[in-house]
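Notes to accompany the following structure.
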Amino acid sequence: MNTTNTRLLVGPFNRVEGDLEVQLDVRDGQVTEARVTATMYRGFENILPGRDPHDALVIVPRICGICSVSQSVAAARALADAAGVSPPPNGLHATNLMLACENLADHLAHFYLFFMPDFSREVYAQRPWFAEVQRRFAALGSGAGGGGVHARAAVAARQRWFTLMGTLGGKWPHTQSVLPGGSSRAIDAAERIRLLAKVREFRAFLEGTLFAAPLEEVTSLHSEAELQAWHAQAPERGDLRLWLTISADLGLDRLGAGPGRYLSVGAYRQPDGSHALAPGLWRAGVGLEAVDMARISEDATYAWLDDAGGALHPTKGHTRPQADKPGAYTWNKAPRLGGEVIETGAIARQLTSGQPLIRDAVARCGGTVYTRVLARLVELARVLPLLEQWLAALTPKEPFFVPDALPDEAQGMGSTEAARGALGHWLQVRGGKLSHYQIIAPTSWNFSGRDAAGQPGALEAALVGAPVQPGETTPVAVQHIVRSFDPCMVCTVH
C-alpha cells in the first residue's frame, strides 16, 4: 500500500492575537502529530520583580489589549490575598461588570470576526449554505461591501458595548480602576440607568441577529434534542441556527477532540464568596471534582526556557530564557494539573457550573469544535442577564472599595476566568518589593507543548486526525480546530 508523508508549517495565523505557528506531520491525508509554537517571548514575569507591588496593576494589563481587564482582576486579587482585604459588594459587582463586558465582547468578536469567516472560503463554495455565509460573515475588508453584513453589525454593536467601560472604569483597554479592595470608580444612580440602557441595547443585538430569539429562550434549551428541534423550526433564522446547519453538514462535532478534562477557577465572584459560574474540574465519565490549586505545575522541558528543577508550582517557578535549548520548540511552558493535560475556556465554565445543554452535548461528542463554539454562544445568552442583576444590585453612596496595606513580607494568589479560560497570578513580596511573579494564562493551558512525560498539550492532541486535503498548505480543518480554542498568544508568553 502506498503512503504519503509530508510535513507542514502552518503560520503565522491571521485573526489571532499574537504569534502562532503549528508544525504538522501528515500521513495519507491526516495529521498524525502536531507541535504548537508560541514564537514570541515578552518577559513580563521578569519585568515585575524589584518593583512596588502595586505597579503590577499598571504593568500586567499591558500584557494584552483584549484581555486587559482579566489581567487586572487576577493581579488585584493576588494583591488582595497578600494584603488580606476583601472588596465590598459594590466593588465586586463593578468588577464583575467590567470583566463580563470584556469577556462577552471577546466572545462576540471570536464568532463574527475570527471563527465564522473561515466558512466563506472557496473550499466550501459548493455547500448549500455558502452564499448566505458569505453575505453574513465574509472577512472584513473582503469584497466590494467590505465584509459580511452581520460581521459589520457585530463590530458596531461591540463598539457601542464597550462604551460601558468609560463609565465603569474610565477607559478600555488597560482600565486602571480595578484595585485589590474593589473599584476606584463609584457608579451613581443616574449612571446605573444609562448603563442598563447600554446592556439592553446589546441584548437587542444578540436577540435580533445572533439568536433571533430571547436570551431566556436560548438558555432554556436543556438538551441537544431540544436544540435540534429549536433549530428545525427556522434553520436560517439567526446566526446560531445557521452555524448549527454548518456544523451538522461538516461534522464539527467530530473534529478537534480535547483531553476530556476541563478546568474552571470560577467566574464572577459574589459577595457571599460563591461564583456566578461555579469552579471545578469536569472529568469526562466522572463529573465534577474540586480543584486543588496546589497540584498545578509548569513543565518547561520543551520550552526555550531553563527547566532546572523540573515541573514546578508557580510559587516556585521561574522564567529564564534559553533560546538555544536543544529539543525546545516553543516559548510556552506546559501547565499541568496533577500531571494531567487540561482544557479551559467557556466549555469548562459551562460544564462546571452545570449548564445542561453543554453537559449533554459534551457527553455525546466530547470537547470538539462544535461544543467549544456552542459553549461560547450559550455563555453570551447566560451572562448578559447577570449584568442586569449586578447593575440592579449596586447601592449608590455605599463604598466601592476599601484601602489595602501590604506587609513587607507576603505572598498572594489571584485567579479569575478570562474569556478563554482560567487565569492565575502568583506573587511574593520581600522587603516591600515584588520578589517573584508568575502567570498562567488560559492559552498557556490549551496551547502548551509537550511535557517531560511526552504528553502533548490540548491543542496538539486535538489536531491529530484532522483531515488535510490534497494541495492544502493551510488546511481549513486545522484552522477550525485552532480557532475553536480562540488563542491569545500574547497572554500565553506574557
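Every number here is computed from the coordinates shown, using simple stated rules; none is lab data. Computed from a predicted model, the values in this text were never measured in an experiment. With ideal geometry, Cβ positions are generated from the backbone for all residues, glycine too; neighbour counts draw on all protein chains shown.
For Ser353, list long-range residues whose amide hydrogen, built 1.01 Å from N in the peptide plane, is under 5 Å from its own amide hydrogen.
When sequence neighbours closer than 5 places are left aside, the close amide H contacts are Ala278.
Give the long-range amide H neighbours of Ile296: residues separated by 5 or more places, or on another chain, with amide H under 5 Å away, using H modelled in the peptide plane at 1.01 Å from N.
Distant-sequence amide H within range of Ile296: Gly338.
Taking the alpha-carbon centroid of each part, what is the distance from the range 109-183 to the range 345-400 in angstrom?
19 Å
Starting from the 7 Å offset along Cα-to-Cβ, what nm value, one decimal, do you get for the label separation of Lys433 and Ala197?
Roughly 5.1 nm, to one decimal.
Between Gln30 and Ser223, with labels modelled 7 Å along Cα→Cβ, what's the label distance in nm to one decimal, could you check?
Here the modelled spin labels are 3.2 nm apart.
Answer with one residue from Ser247, Trp390, Ser415: the one whose Cα lies farthest towards the positive end of the charge dipole of the chain, charges on Cβ with Lys, Arg +1 and Asp, Glu -1.
My answer, from the dipole projection, is Trp390.
Spelling out what I want: for every residue of the range 359-375, take phi, set θ = phi - 60°, compute 6.51 cos²θ - 1.76 cosθ + 1.60 (Karplus), and round to whole Hz; glycine and proline get x.
3J(HN,Hα) across the range 359-375, in whole Hz: 4, 5, 5, 5, 4, 7, 10, x, x, 9, 3, 4, 6, 5, 5, 4, 4.
Whole-Hz ³J(HN,Hα) for each residue in the range 337-354, computed from phi via Karplus 6.51 cos²θ - 1.76 cosθ + 1.60 with θ = phi - 60°, x for glycine and proline: what do you get?
Rounded to whole hertz, the list is 10, x, x, 9, 6, 10, 10, 9, x, 4, 4, 5, 4, 6, 5, 6, 8, x.
Could you work out the helix-only [θ] at 222 nm for the chain, with each DSSP H run of four or more residues adding -39,500 (n - 2.57) and the total divided by the number of residues, to the nearest 500 deg cm²/dmol?
The per-residue figure over the chain is -11000 deg cm²/dmol.
What are the ³J(HN,Hα) couplings of the range 158-171, residue after residue, when phi is run through the Karplus curve with 6.51, -1.76, 1.60 and θ = phi - 60°? Round to Hz, x for glycine and proline.
Whole-Hz 3J(HN,Hα) from phi for the range 158-171: 5, 4, 5, 4, 6, 5, 4, 5, x, 7, 6, x, x, 6.
Counting only residues 5 or more places away or on other chains, whose amide H sits under 5 Å from the amide H of Val31 once H atoms are built in the peptide plane?
Result for Val31 returns Gly465, Ala466, Val468.
Only four residue types carry charge here, +1 at the Cβ of Lys and Arg and -1 at the Cβ of Asp and Glu. Report the dipole size of the chain about the Cα centre in Debye, rounded to the nearest 20.
Here the size comes out at about 640 debye.
Give me the log10 of I(q) over I(0) for the range 17-75 at q = 0.22 Å⁻¹, as the Debye formula computes it from C-alpha points; what are the numbers?
So the normalised log intensities work out to -0.89.
First measure r as the distance between the Cβ atoms of His313 and Ala232, then evaluate 1/(1 + (r/R0)^6) with R0 = 56 Å and state the FRET efficiency to the nearest 0.05.
It comes out at approximately 0.65.
Normalise the Cα radius of gyration of the range 181-284 by 2.2 N^0.38 Å (N = residues in it) and let me know the number.
Here the Cα radius of gyration is 1.45 times the empirical estimate.
How do the peptides 75-81, 410-416 rank, highest first, by the average count of neighbouring beta carbon atoms within 10 Å per residue?
Those peptides, ordered most packed to least, come out 75-81, 410-416.
How big is the shadow of the Cα convex hull of the chain, averaged over all directions, in nm²?
Projected area, direction-averaged: 23.1 nm².
What distance in nm separates the two pseudo spin-label positions at Ala393 and Ala153, each 7 Å out from Cα along the beta-carbon direction?
3.2 nm
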